[in-house]
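Below is one structure, written out as C-alpha cells; the observations come after it.
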Amino acid sequence: MDLPPYATLGQKIWHYGFLVICGLIFFFLIAPIMVIIPLSFNAEDFFTFTPEMLAFDPEGYSLKHYRDFFTNPDWQQALWNSVKIAPAATFLSVTLGTLAAIGLSQDHVPFRRAIMAILISPMIVPLIISAAGMYFFYSRIGLQGTYLGVVLAHAALGIPFVIITVTATLVGFDRSLTRASASLGADPVTTFFKVQMPLILPGVISGGLFAFITSFDEVVVVLFVGSANQQTLPWQMFTGLREQISPTILAVATILVVISIALLTTVEILRRRSEKIRGMSPG
C-alpha cells in the first residue's frame, strides 16, 4: 500500500522499515528452498555445490536425479501411494469439514465453541502425540497398517483446515438467501447445492487444497499407522535420508515445492474471489 502524500517523516521511516523487515523475514524463510532447487540439478551425487556448478559450467548440471525419480520403481511406488491416499483423505476432509462448519455456524447449536475447539485440536496437539494415539487406537480396532487407516488419519488432520476456511467464508454469507429458497419450496439439500454451495465454494476449495497439502506432505502419522504397502513419498524421502543419502531426494523436494507453490497460489486466488463474492452479497 502506498503512503499518502501527507505522511510524516516518522510514518515514512516506519513504512519502509517495516517493508525491509518483512523482506528479511521472507529471505530467511525462502533461503533453504533456494539452496535445494539448484542442488537438485547437480551432475554429481553430492549434496554440495561442485566447482563446475559455482562456475556455471553446463557440465556441472544434469537432470539425472529427476530421471532417477521417474524411473526408479521405489520412488514411483511411493508416489503412487501418495496419489492414492491424499485425494481420498481430501474428499473425506472436505465433506466432513464443510458439514461441520455449516452446522457450527448456526446460532442455535449448543456448545459451539467447545465442539469447534475439539474439531480443530489436531492443529494444536503435537503431531507425535496424535500419531501415537492413532497407533494405539487403530491397533485395537484392526486398522493398523491398512489403507483405510492411513486415509482416516490424514482426513482427521485435514478437517481442521476445511472447518476454518469454510467458517471464514460463512461469516459474510447472507442467510436470507437460504430462507428465501426454503420459502419457495426448496428442500434443505437443494438449497445447499443450489444456493449455499456456490457462494462458499472458494472457501471449500481452499480448505480442500490445504487438506491435500497436509496429507501429501505428512510423514509422522503414516510412520505410526501405515505399513510398507502404504509407504508414501515423504516416507520414502525420510527413509532415503536415514538409510542412504540419495541426491534424488533433492529432485523430489523441488517437485514438492513447485506443487506447493502452485496450490498456495490457487488458494490465494480463491481467497480474493471469496472476498469479492462476500462484498457483492447484500447486507
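Read the figures in this text as sums done on the coordinates, not as results from a lab. Computed from a predicted model, the values in this text were never measured in an experiment. Virtual Cβ from ideal backbone geometry, glycine too; neighbours counted across all protein chains shown.
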Next item on the list: Evaluate the charge dipole of the chain about its Cα centre and quote only its size in Debye, nearest 20, assuming +1 on the Cβ of each Lys and Arg and -1 on the Cβ of each Asp and Glu.
Entry: 1240 debye
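Provide the FRET efficiency to the nearest 0.05 for the residue 255-residue 124 pair, computing r from the beta carbons and using R0 = 51 Å.
Working: r = 30 Å, r/R0 = 0.59.
For residue 255 and residue 124, the calculated efficiency is 0.95.
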Item checked: Residue-averaged [θ]222 nm for the chain, counting only DSSP H segments that reach four residues, each worth -39500 (n - 2.57) -> -24000 deg cm²/dmol
Next item on the list: Please report how far the C-alpha centroid of the stretch 196-267 lies from that of the stretch 106-130, rounded to the nearest whole angstrom.
Entry: 23 Å
Check: Say each of residue 80 and residue 112 gets a label point 7 Å from the Cα, pointing the same way as Cα to Cβ; how far apart are those two points in nm?
Finding: 4.7 nm
Margin query: Residues of the stretch 208-246 with the amide nitrogen closer than 19 Å to a label point 7 Å from the Cα of residue 91, along Cα-to-Cβ, please.
Written below: 208-217, 230
Check: Amide H neighbours of residue 227 under 5 Å, counting only residues 5+ apart in sequence or on other chains, H built in-plane at 1.01 Å?
Finding: none
Check: How do 206, 40, 181 line up, fewest other C-beta atoms within 10 Å first?
Finding: 181, 40, 206
Notebook entry, point to check: Any idea what the relative contact order of the stretch 73-280 is, in percent, if you count C-alpha pairs under 8 Å spaced at least 6 apart?
Noted result: 33 percent
Next item on the list: Give me the lysines in straight-line cross-link reach of residue 194: C-alpha distance below 28 Å, same-chain residues under 8 apart excluded.
Entry: 276
Notebook entry, point to check: Here are some values of Rg/Rh (Cα atoms, Kirkwood Rh): [x] 0.96; [y] 0.93; [z] 1.06. Which one was computed from this structure?
Noted result: [z]
Next item on the list: Pick out the long, greasy-scoring helices in the chain: whole DSSP H runs spanning 24 Å or more along their own axis by Cα, mean Kyte-Doolittle at least 0.0.
Entry: 9-39, 73-104, 147-170, 197-217, 248-280
Item checked: Selected from 152, 264, 25, residue furthest toward positive end of dipole (the chain; charges at beta carbon) -> 152
Note to self: If packing is taken as the average count of other Cβ atoms within 10 Å, what order do 233-239, 196-202 fall into, highest mean first?
What the structure shows: 233-239, 196-202
